[in-house]
Number of protein chains: 2
Amino acid sequence: MKLATLDNGTRDGALAVVSRDLRSAVEATTVAPTFQLALENWAATGPRLFELAERLEAGSAPGAFAFDETRCLSPLPRAYQWIDGSCFKNHLRLMALSTGRDPEVEVNSPFPLMYQGASDEFYRPRGDVPLPREDDNIDFEAEVGVVLDEVPMGVTAAEAERYIRFVLLINDVSLRAYVKREIVTGFGWMNAKPSTAFSPVAVTPDELGSAWSGGRLSLPIEVSWNGELFGRPNGSQMSYSFFDLIEHAARTRKLCAGAIIGSGTISNAEYAAVGSACIAERRAIEMIELGGVKTEFMRFGDRVRIEMHNSEGRSLFGAIDQRIARYDRIQHQA
Amino acid sequence: MKLATLDNGTRDGALAVVSRDLRSAVEATTVAPTFQLALENWAATGPRLFELAERLEAGSAPGAFAFDETRCLSPLPRAYQWIDGSCFKNHLRLMALSTGRDPEVEVNSPFPLMYQGASDEFYRPRGDVPLPREDDNIDFEAEVGVVLDEVPMGVTAAEAERYIRFVLLINDVSLRAYVKREIVTGFGWMNAKPSTAFSPVAVTPDELGSAWSGGRLSLPIEVSWNGELFGRPNGSQMSYSFFDLIEHAARTRKLCAGAIIGSGTISNAEYAAVGSACIAERRAIEMIELGGVKTEFMRFGDRVRIEMHNSEGRSLFGAIDQRIARYDRIQHQA
């Protein structure tokens, strides 16, 4: 089953079921007005949503209409909990090497690296990303994420799969100019992580077939920058699975229904062949291999597109396709 | 004006107006069903809530009843945004000195130290705090916080005051066993900060008189542990004001209506006279002055009480009064 949230002028949008081929959709607000409320009452809403999805596939859902990704908000336009991992050793190793740090410290962390993200308003998957300064070193991070049902404190990785309701794609927009000064505080990201965007469509794990296995999604994530392919690494080399991330995040607290957990920037040891999923990693590779950086960060007007196709070439989640825009405070307050 | 959220069996509770002396209350759900919705529509709801508060003070509010702090959830039982500062130089200095770190690094930070907190379910002010292990080194942190209206990205400290709608007290429950391993990652707190509690009552700044000035609250916060006074430091020595914290948090993103920002553990240079607001600081003082630690962390069954009185001896926010409980997963899932 695939779900999306349509912009209806409210903060939380309107829940919709989307067809497998992303061509049609039907409002699901009679089952649950919003994605958040569907997740909070999943025992009641889940079966009814699956039933509606079947009718949509069969062409017998009344009120079905052509699905338009540009009308979507992030599936959860805002959330009560968003936690992002950094689970690709290749990425951690390259970032450490390029800055003269010992790569073994982070690469061999005995627990997953995760940061508590800001969840109070996510970007639209197909909208502008308003940011104040190019000098903040604007970057994208293409990731996979999961949306959870309520997870009890103390859950183990072995039990975690049952709490994963949806899988989606993520652009964890990052401002690299703040990373160095924030990482030394130990307090985590405040200015370096402005907000985040998610794919137009969230997908139940059963839609992903064998590509979803062991709490990892092995299909390549396709990242383009201004229309040019930037990288297509896949999620198979996640050093901690999503099950491990759930166990770690729930060690001393519960996680709410609607909590989102991200994988961190996807990265593969075969980066020479598949490229990277963020600019910072490409710059790290340039620094290591060329002794200096060639690639600059994003400029106002630049676009980033993040998408994933299955082995039959079908887009699974729709595309995140965003334009970096100069933030104009007067305009945004008007 | 004073507001509270009453437990009505729902996740977000029922909004109520509370009298200045905390003796009576009246449901405000006809103005806004929840605190969050009141804040999201403040231009409409604010004046009506102030009017209801006036009627309550005058004894002419229909349906008024005796206010009972034990019926309260945290004013926002969950929130979309919770950010906590660490803004008391005395605390930063003591913590660094006791662990052999250079105190000048954190004390002279050119920007406020703040961490992104988990906001998906806050503890009740008068309930149990279920935690899995005493060995996690259970601690309290008594703080002051502010609840905001929507803050535009790029706001300056000079403009920030107008976005502060409420002031409240905080118990930022902390698990010290995780601090050392999490601070070196740079990714912030994941296991070390389970969840947080807030005072039963949130108070508009005008209720605080001259004690609220320059974005700081100068009254002592009274902290008791198992009925014994532990400390009563005051907020006047906050090195960055709440206005500075708002500027910093909103540098690269907006803050939603209902965002909460905390001061960090309150701490005074006169700690020998006024004590501390968390156990970790008392232990740091023991380490520095006695060469070893005497005070242990909290045990299951221990209580912590956090309250603030004005110069006339009147409790301003009601009391956070919590019992540390052994988390029983079976029971919590039933």
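The values are calculated or read from the model by the stated rules, or taken from the named source; none is laboratory data. On a predicted model such as this, the values are computed, not experimentally measured, just so you know. Because the Cβ atoms are built from the backbone with ideal geometry, glycine has one as well, and the counts that use them run over all protein chains shown. Accessible surface areas use protein heavy atoms only, side chains included; no ligands, DNA or RNA. Shrake-Rupley method; radii C 1.70, N 1.55, O 1.52, S 1.80 Å.
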* Within region B:83-103, is there a residue that is small (G, A, S), at pLDDT 95 or above and open to solvent by less than 80 Å² (accessible area, probe 1.4 Å)? -> yes
* Being outside any helix (DSSP H, G or I), closer than 15 Å to B:V147 by Cβ and at pLDDT 95 or above, is that true of even one residue in region B:37-60? -> yes
* Asked: What are the residues in region B:219-236 that are of a type in the set (A, V, I, L, M, F, W, C) and assigned to a loop (DSSP other than H, G, I, E, B), if any?
  -> B:L219, B:I221
* Residue list for region B:286-308, filter: open to solvent by 20 Å² or more (accessible area, probe 1.4 Å), of a type in the set (V, I, T) and in contact (Cβ under 8 Å) with a residue 40 or more places away in the chain -> B:I288
* If you check B:D84, B:D102, which single one turns out to be in contact with a Gly (Cβ under 6 Å, 6 or more places away or on another chain) and among the charged types (D, E, K, R)? -> B:D84
* Neighbours by Cβ (under 6 Å, 6+ apart or cross-chain): first from region B:13-41, within 14 Å of chain A (Cβ to nearest Cβ); second of a type in the set (D, E, K, R) -> B:T34/B:D12
* Out of all the residues in region B:161-180, is one or more among the hydroxyl-bearing types (S, T, Y), in a strand (DSSP E or B), in contact with a strand residue (DSSP E or B) (Cβ under 7 Å, 6 or more places away or on another chain) and within 30 Å of A:F111 (Cβ to Cβ)? -> yes
* Asked: Would region A:99-118 turn up any residue that is within 24 Å of B:K254 (Cβ to Cβ), of a type in the set (K, R) and within 12 Å of chain B (Cβ to nearest Cβ)?
  -> no
* Asked: Inside region A:234-267, can you point out the residues that are within 20 Å of A:L92 (Cα to Cα) and of a type in the set (S, T, N, Q)?
  -> A:N234, A:S236, A:Q237, A:S239, A:S241, A:S263, A:T265, A:S267
* Structure fact -> Among residues of region B:2-36 being open to solvent by less than 50 Å² (accessible area, probe 1.4 Å), in a strand (DSSP E or B) and not hydrophobic (A, V, I, L, M, F, W, C), the residue nearest to B:A64 (Cα to Cα) is B:S24
* Asked: Taking A:A211, is it over 30 Å from B:R101 (Cβ atoms) and either of a type in the set (G, A, S) or over 19 Å from the mean Cα position of the chain (by Cα) (or both)?
  -> yes
* So which residues in region A:192-236 are among the aromatic types (F, W, Y), closer than 30 Å to A:E54 by Cα and open to solvent by 20 Å² or more (accessible area, probe 1.4 Å), if there are any at all? -> A:W212
* Asked: Of the numbered conditions (1) within 14 Å of chain A (Cβ to nearest Cβ); (2) in contact (Cβ under 8 Å) with a residue 40 or more places away in the chain, B:I330 satisfies every one except a single condition; which is it?
  -> (2)
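Residue-by-condition table, conditions (1) open to solvent by 10 Å² or more (accessible area, probe 1.4 Å); (2) within 21 Å of B:F50 (Cα to Cα); (3) within 11 Å of chain A (Cβ to nearest Cβ):
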{"site": "B:R124", "(1), (2), (3)": "yes, no, no"}
{"site": "B:R133", "(1), (2), (3)": "yes, no, yes"}
{"site": "B:N137", "(1), (2), (3)": "yes, no, no"}
{"site": "B:F140", "(1), (2), (3)": "no, no, no"}
{"site": "B:V144", "(1), (2), (3)": "no, no, no"}
{"site": "B:V147", "(1), (2), (3)": "no, yes, no"}
{"site": "B:G154", "(1), (2), (3)": "yes, no, yes"}
{"site": "B:F166", "(1), (2), (3)": "no, yes, no"}
{"site": "B:N171", "(1), (2), (3)": "no, no, no"}
* Asked: Of everything in region B:173-191 that's more than 16 Å from B:V223 (Cβ to Cβ) and open to solvent by less than 10 Å² (accessible area, probe 1.4 Å), which residue is farthest from the other protein chains (Cβ to nearest Cβ)?
  -> B:E182
* Of all residues making up region B:300-326, the number that are outside any strand (DSSP E or B), out of contact with any strand residue (DSSP E or B) (no Cβ under 7 Å at 6 or more places or on another chain) and over 18 Å from B:R23 (Cβ atoms) -> 1
* Asked: Only one of these conditions is not met by B:N108: (1) in contact with a strand residue (DSSP E or B) (Cβ under 7 Å, 6 or more places away or on another chain); (2) at pLDDT below 95; (3) not small (G, A, S). Which number is it?
  -> (1)
* To do: Report yes if some residue within region B:45-54 is of a type in the set (S, T, Y) and exposed (fewer than 15 other Cβ atoms within 10 Å of the Cβ); otherwise report no.
  => no
* Asked: What single numbered condition from (1) surrounded by fewer than 20 Cβ atoms within 10 Å (Cβ to Cβ); (2) touching a Gly at 6+ places or on another chain (Cβ under 9 Å) fails to hold for B:D120?
  -> (1)
* To do: Kindly provide the set of residues from region A:224-282 that are of a type in the set (D, E) and farther than 30 Å from B:R78 by Cβ, ordered by number.
  => A:E228, A:E270, A:E281
* Count, please, the residues in region B:192-214 that happen to be touching a residue at least 24 places away in the same chain (Cβ under 8 Å), assigned to a loop (DSSP other than H, G, I, E, B) and within 13 Å of chain A (Cβ to nearest Cβ). => 4
* Under the condition of being more than 13 Å from every other protein chain (Cβ to nearest Cβ) and assigned to a loop (DSSP other than H, G, I, E, B), which residue from region B:237-266 is most open to solvent (accessible area, probe 1.4 Å)? -> B:S239
* Structure fact -> Flagged in region B:278-299 as part of a loop (DSSP other than H, G, I, E, B), closer than 24 Å to B:S263 by Cβ and of a type outside the set (A, V, I, L, M, F, W, C), in numbering order, are B:T295
* B:L22 fails exactly one of the following numbered conditions: (1) more than 19 Å from the chain's Cα centre (by Cα); (2) on the phi > 0 side of the Ramachandran plot. What is the number of that condition? -> (1)
